[in-house]
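S.K.: For reference, the structure I am asking about is given below.
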Amino acid sequence: MIEISLNGELTKVAANTNLAQLVAQFSNAEKPVAAAIDGDFVPRSAHAQTQLKSGDKIDLVSPVGGG
Amino acid sequence: MTLANNNDSLTLYDETFTSRFLLGTALYPSPQAMLDSIAASRSEIVTLGLRRQSPEENGGAAVWQLIKSSGCKLLPNTAGCKSVKEAITTAEMSRELFETDWLKLEVIGDDYNLQPDPFALLEAAGELIKRGFKVLPYCTDDLVLCQRLVDVGCKVLMPWGSPIGTGQGLLNRYNLRTIRERLPNIPMIIDAGLGAPSQAMEAMEMGFDGVLLNTAVAKAQKPALMAKSFADAIDAGRMAHSAGLMLKRQTASASTPTIGQPFWHQNR
C-alpha cells in the first residue's frame with residue numbers, strides 16, 4: 001500500500017494502482033471526472049500510464065453549478 | 001422576435017448568439033428552479049464550474065445532466081483560482097470535461113471583494129490563449145488592464161460592475177464608459193455585481209454587449225420570473241442603445257411647441 005492525498009485527504013491505495021483505476025472509482029456515465037497530480041493536469045489519455053506514487057497529491061473534480 | 005434581436009446578434013469568438021444574457025447555474029433553490037430560470041432567461045450561454053467530489057456524492061451529477069439538457073453553450077469558469085497555475089490546470093480540466101475551449105477566466109486577488117488579480121489574470125490569459133483557449137476574462141474596469149488583455153489575444157472582455165454577489169450595480173461609471181469608448185470593437189459583457197434589472201438595462205444603454213449574472217436571479221424569491229425580468233431589461237437596454245439616447249441638458253426645453261401658444265405674453 002502507498003499513501004496519497006486524494007482531494008485533500010490522506011488515503012491508502014494498492015502500490016500498483018494507476019490513475020485510471022482511481023478515476024474509475026469516482027466517475028460514472030453521468031458524472032465525468034478530470035484529474036490533476038501535484039497541481040498539474042493529467043489528460044484522460046495518460047491516466048492508464050500514470051502510476052500513482054507515495055505522496056502524490058491528487059485532485060479529482062466534477063462539474064458543479066457556477067457563476 | 002423583438003426589435004432588439006432583429007439583425008442585432010451578439011458575436012463572440014466567431015459564434016453568433018441571439019441572446020445577450022449569460023446566466024450562471026449556482027445557488028438556485030432547486031435544480032428545477034435553475035432549469036426554469038435558464039428557459040425564462042432566453043440565455044444561450046450558461047456558466048458552470050468544477051469542484052472536488054467524493055464517490056458518495058452524486059448530487060452534482062444531476063445538476064450537470066440538467067445543465068446539459070438545457071442545450072445551452074457551456075462557459076466553464078475557473079472560480080476560486082488564486083494563481084496562474086491553478087487557473088491553467090482548472091482550465092485544462094474544464095476543456096477535457098466539458099469538451100469546449102471556451103473559458104471564463106477568473107483569477108482572484110482578494111478574498112473580501114473577490115477582485116480579479118490583474119497581473120495573474122493577464123499572465124494566465126496569455127498562456128491559455130497560446131494553448132488554444134478562447135478566453136473570456138473576468139476583469140476589473142481598468143482601462144490599461146483591458147488593453148493588455150486584448151493585446152495578449154482576448155477577443156471578449158468581461159469587466160465587473162461591482163464585486164461578485166453584492167448586487168450593487170455599476171459602481172464606477174467613469175471607468176466603464178472609458179473602457180467602452182476606448183475599446184469600441186471588443187465585445188464587452190458586464191459580469192458580476194448586478195442586482196436589479198434596471199442595473200442591467202443601464203449597462204446595455206451604456207453600450208455594453210451583454211450581461212452575465214447569477215446571484216440576482218438565483219436568490220430572487222421567484223428565480224424564473226426574475227430571469228425573465230432581466231432578459232426583458234437587457235433587450236430594452238440594447239434597443240435604447242441602438243436607438244440612441246438623447247443628450248442630457250442642464251436647463252429645461254419645452255417639448256410642446258411654443259409657437260402658437262395661446263395667451264402668449266398677454267399677462268405680462
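S.K.: In the list B:152, B:144, which residue meets the criterion of being of a type in the set (A, V, I, L, M, F, W, C), in contact (Cβ under 8 Å) with a residue 12 or more places away in the chain and over 21 Å from residue B:24 (Cβ atoms)? Reasoning before the result, please.
M.R.: Values: B:144 fails: in contact (Cβ under 8 Å) with a residue 12 or more places away in the chain.
Going through B:152, B:144 in turn, the sole match is B:152.
S.K.: Which condition number does residue A:64 fail, the rest of (1) modelled with pLDDT under 95; (2) at the interface with chain B (Cβ under 9 Å from one of its Cβ atoms); (3) surrounded by fewer than 18 Cβ atoms within 10 Å (Cβ to Cβ) being met?
M.R.: (3)
S.K.: Still on this model: Picking from B:221, B:147, B:199, which residue would you name as being buried (at least 19 other Cβ atoms within 10 Å of the Cβ), polar (S, T, N, Q), away from chain A (no Cβ under 14 Å) and out of contact with any strand residue (DSSP E or B) (no Cβ under 8 Å at 6 or more places or on another chain)? Please lay out each step first, then the result.
M.R.: Details: B:221 fails: buried (at least 19 other Cβ atoms within 10 Å of the Cβ); B:147 fails: buried (at least 19 other Cβ atoms within 10 Å of the Cβ).
Checking each option against the conditions leaves just B:199.
S.K.: If I ask for residues that are touching a residue at least 12 places away in the same chain (Cβ under 8 Å), open to solvent by 20 Å² or more (accessible area, probe 1.4 Å) and part of a helix (DSSP H, G or I), which ones from the stretch B:112-129 would you list? Give the steps one after another, and end with the answer.
M.R.: First, pick out the residues of the stretch B:112-129 that are touching a residue at least 12 places away in the same chain (Cβ under 8 Å): B:113-118, B:120-129.
Filter once more, so that each one left must be open to solvent by 20 Å² or more (accessible area, probe 1.4 Å): B:113-115, B:117-118, B:122-123, B:127, B:129.
If the condition is that a residue be touching a residue at least 12 places away in the same chain (Cβ under 8 Å), open to solvent by 20 Å² or more (accessible area, probe 1.4 Å) and part of a helix (DSSP H, G or I), then B:118, B:122, B:123, B:127, B:129 are the ones that fit.
S.K.: With the structure loaded, tell me whether residue B:242 is touching a residue at least 24 places away in the same chain (Cβ under 8 Å) and open to solvent by 70 Å² or more (accessible area, probe 1.4 Å) or whether it fails that test. Don't jump to the end; show me each part of the working.
M.R.: On the way: touching a residue at least 24 places away in the same chain (Cβ under 8 Å): yes; open to solvent by 70 Å² or more (accessible area, probe 1.4 Å): yes.
So residue B:242 fits the description; yes.
S.K.: Now for a separate question. Output the strands (runs of 3 or more DSSP E) that fall wholly within the stretch B:6-111 and possess 1 or more residues being out of contact with any Phe, Trp or Tyr (no Cβ under 8 Å at 6 or more places or on another chain), or say none. Even if it seems obvious, please write down each step before you answer.
M.R.: Numbers: elements: B:10-12, B:15-17, B:21-24, B:45-52, B:73-76, B:102-105.
Output list reads B:10-12, B:15-17, B:21-24, B:45-52.
So that you can scan it fast, the table gives a plain yes or no per residue for (1) touching a Lys or Arg at 6+ places or on another chain (Cβ under 9 Å); (2) open to solvent by less than 30 Å² (accessible area, probe 1.4 Å); (3) among the small types (Gly, Ala, Ser); (4) on the phi > 0 side of the Ramachandran plot:
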| residue | (1), (2), (3), (4) |
| --- | --- |
| A:25 | no, no, no, no |
| A:51 | no, no, no, no |
| A:55 | no, no, yes, yes |
| A:59 | yes, no, no, no |
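S.K.: Right, something else. Which one is most open to solvent (accessible area, probe 1.4 Å), of the residues in the stretch B:67-87 that are touching a residue at least 24 places away in the same chain (Cβ under 8 Å) and within 8 Å of chain A (Cβ to nearest Cβ)?
M.R.: Looking only at the stretch B:67-87, we keep the residues that are touching a residue at least 24 places away in the same chain (Cβ under 8 Å), and these are B:67, B:69-70, B:72-84, B:87.
Narrowing the set further to residues that are within 8 Å of chain A (Cβ to nearest Cβ) leaves B:67, B:76-77, B:79.
Working: B:67: 1, B:76: 0, B:77: 6, B:79: 28 Å².
Among residues in the stretch B:67-87 that are touching a residue at least 24 places away in the same chain (Cβ under 8 Å) and within 8 Å of chain A (Cβ to nearest Cβ), the one most open to solvent (accessible area, probe 1.4 Å) is B:79.
S.K.: Ok, one more. Hey, can you tell me all the residues within the stretch B:151-178 that are among the hydrophobic types (A, V, I, L, M, F, W, C) and surrounded by 17 or more Cβ atoms within 10 Å (Cβ to Cβ)?
M.R.: At the first step, the residues of the stretch B:151-178 found to be among the hydrophobic types (A, V, I, L, M, F, W, C) are B:152, B:154, B:156-158, B:160, B:164, B:170-171, B:176.
The answer is B:152, B:154, B:156, B:157, B:158, B:160, B:164, B:170, B:176.
S.K.: Are there any pairs, at least 6 apart or on different chains, whose C-beta atoms fall under 9 Å, with the first in the stretch A:12-36 and within 16 Å of residue B:52 (Cβ to Cβ) and more than 9 Å from chain B (Cβ to nearest Cβ) and the second in a strand (DSSP E or B) and open to solvent by 30 Å² or more (accessible area, probe 1.4 Å), and if so, which?
M.R.: A:19/A:51
S.K.: Only one of B:205, B:181 is in contact with a His (Cβ under 9 Å, 6 or more places away or on another chain), under 30 Å from residue B:148 (Cβ atoms), open to solvent by 30 Å² or more (accessible area, probe 1.4 Å) and modelled with pLDDT of 95 or more. Can you tell me which? Spell out the reasoning first.
M.R.: Values: B:181 fails: in contact with a His (Cβ under 9 Å, 6 or more places away or on another chain).
Of the residues listed, the single one that is in contact with a His (Cβ under 9 Å, 6 or more places away or on another chain), under 30 Å from residue B:148 (Cβ atoms), open to solvent by 30 Å² or more (accessible area, probe 1.4 Å) and modelled with pLDDT of 95 or more is B:205.
The values are calculated or read from the model by the stated rules, or taken from the named source; none is laboratory data. On a predicted model such as this, the values are computed, not experimentally measured, just so you know. Cβ sites come from the backbone with ideal geometry, for glycine too, and all protein chains shown count toward neighbours. Areas reflect the complete protein model, heavy atoms only, side chains present, ligands, DNA and RNA absent. Shrake-Rupley method; radii C 1.70, N 1.55, O 1.52, S 1.80 Å.
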